[in-house]
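The structure appears right after this line, and notes come after that.
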Amino acid sequence: MLVNCVAYQEGKKLADIPKEDISEYVKRPDCFVWVALKDPEPEELEEMQEEFGLHELAVEDARHGHQRPKIEEYADSLFAVLHTTEIIGDTLAMGEIDIFVGPNYILTVRVRTERGFASVRARCEREPELLKHGAGFVFYALIDAVVDRYFPVIDSLESALEKIEEHIFVRAAVRSNIEQLYALKQNLMSMKHAVDPLLEAVGKLAGGRVPHVCSGMQEYFRDVADHLQRIHATIEGIREMLATAIQVNLGMISLSENEITKKLAAWAAILAIPTMIAGIYGMNFKHMPELDVAWGYPASLVAMALIDVVLYLCFKRIRWL
């Protein structure tokens with residue numbers, strides 16, 4: 001659906017315009033149109049393609065979605081794919097925003113994400129001197145907003161890991177800990193897949209051959225690249241801590257299994273003694289010692305008990321029981 005369709009000129013908002021008039025405003029000098037779509041139908045994308053003259057490969061990517069974060073150049077226009085993040089309860093929801101940027105237009109397409117970019121539009125309109133840069137500044141502001149939304153997610157992942165680490169040596173929580181650690185690892189990898197490709201793409205806008213539509217905005221994109229570098233370093237740090245936590249938790253599981261094995265072995269040895277003695281005297285041979293002795297039966301029971309007590313105390317001393 002269409003969220004906004006606004007025309008700007010010389011850094012100031014002209015008016016909200018109907019989408020049928022987009023092509024007319026795009027032709028004006030020093031004017032650009034900013035259109036925002038959310039979960040559009042294929043027909044809406046085709047309509048925008050006709051109004052702005054979008055490249056068919058970029059439109060095809062936007063139509064299918066689930067793209068890797070990237071920034072691609074088509075003649076004098078750009079097509080960018082960014083992954084958005086939202087924390088809903090305890091779940092990390094990943095969405096996507098596709099951005100078409102030209103000399104006199106910018107089109108955003110939100111997919112699978114509820115949080116919009118009204119704050120970005122308000123920010124741009126509060127800074128008319130920067131908005132004079134046109135679509136290039138809006139492009140920066142959108143990427144900056146997406147990247148800034150990564151920081152709370154990273155903080156929540158760090159907090160979740162710290163919470164798990166507090167209970168990592170609690171034996172009763174071993175199974176739940178490993179489940180939470182692997183869920184956390186999955187969310188962390190989703191963040192890594194969102195950040196790393198974008199870091200490489202934004203780096204190209206901060207230096208080297210910068211696309212014409214982004215000329216004069218290198219220092220702003222460099223700031224975004226610095227933020228992405230910080231997030232990347234934090235993700236790598238969490239990954240190392242997570243790997244250590246998983247190894248410790250698996251070690252706790254192995255330790256618990258070894259203790260159970262020791263206990264079973266100890267009890268098996270204790271039970272083996274009376275079983276052996278009873279088995280020997282249960283054999284039906286005619287000539288066996290102590291068969292005709294009056295105290296033979298109680299002596300056997302006492303021997304069984306004494307040996308088992310000694311074994312129990314020995315296993316207790318070496319902490320097998």
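The values are calculated or read from the model by the stated rules, or taken from the named source; none is laboratory data. Note that the structure is predicted; figures quoted are calculated from it, not measured. Because the Cβ atoms are built from the backbone with ideal geometry, glycine has one as well, and the counts that use them run over all protein chains shown. In case anyone asks, the SASA skips ligands and DNA or RNA and just uses the protein heavy atoms, side chains included. Shrake-Rupley method; radii C 1.70, N 1.55, O 1.52, S 1.80 Å.
For the chain, relative contact order (Cα pairs under 8 Å, six or more residues apart, normalised by length) works out to 14 percent. Just to be sure I understand the curve: with the Debye formula and one point per C-alpha of the chain, what is log10 I(q)/I(0) at q = 0.12, 0.16 Å⁻¹? Here the Debye-derived log intensity ratios amount to -0.87, -1.24.
Relative to the longest principal axis of the chain, what angle (0 to 90°, nearest 10) does the C-alpha long axis of helix 296-317 take? Rounded to the nearest ten degrees, it is 30. In this simple spin-label model, placing a label point 7 Å from the Cα along the Cα-to-Cβ direction at both Glu259 and Lys27 gives a separation of 8.1 nm.
Cross-link list Lys38/Lys70; Lys163/Lys316; Lys13/Lys38; Lys38/Lys132; Lys163/Lys192; Lys27/Lys132: which exceed 24 angstrom alpha carbon to alpha carbon? Going by Cα-Cα distance, Lys163/Lys316; Lys38/Lys132 fall outside the 24 Å limit.
On a per residue basis, region 52-170 carries 44 Å² of accessible surface, using protein heavy atoms and a 1.4 Å probe.
Extension gain for Arg115-Ile277 works out to 50.7 nm (0.36 nm per residue, less the C-alpha to C-alpha distance). Per-residue Karplus couplings for region 45-59, computed as 6.51 cos²θ - 1.76 cosθ + 1.60 with θ equal to phi - 60°, are listed in order as 5, 5, 5, 5, 4, 6, 5, 9, x, 6, 5, 5, 5, 5, 5 Hz, Gly and Pro entered as x.
Surface composition of region 109-219: carbon plus sulfur atoms hold 51% of the accessible area, using a 1.4 angstrom probe and ignoring ligands, DNA and RNA. Simple spin-label estimate for Arg149 and His66 gives 2.1 nm between the two label positions (7 Å along the Cα-to-Cβ direction from each Cα). Once both labels are positioned 7 Å from their Cα atoms along Cα-to-Cβ, the gap between Tyr182 and Asp39 label points is 3.1 nm. Exposed loop sites here mean trypsin sites (Lys or Arg not before Pro) with a DSSP loop assignment and at most 13 other beta-carbon atoms within 10 Å; the chain contains its longest site-free run at 28-208. A Förster radius of 25 Å, combined with the Cβ-Cβ distance separating His212 from Lys12, puts the computed FRET efficiency at roughly 0.65. Per residue, region 180-321 exposes 64 Å² of accessible surface when a 1.4 Å probe is rolled over the protein heavy atoms with every protein chain present.
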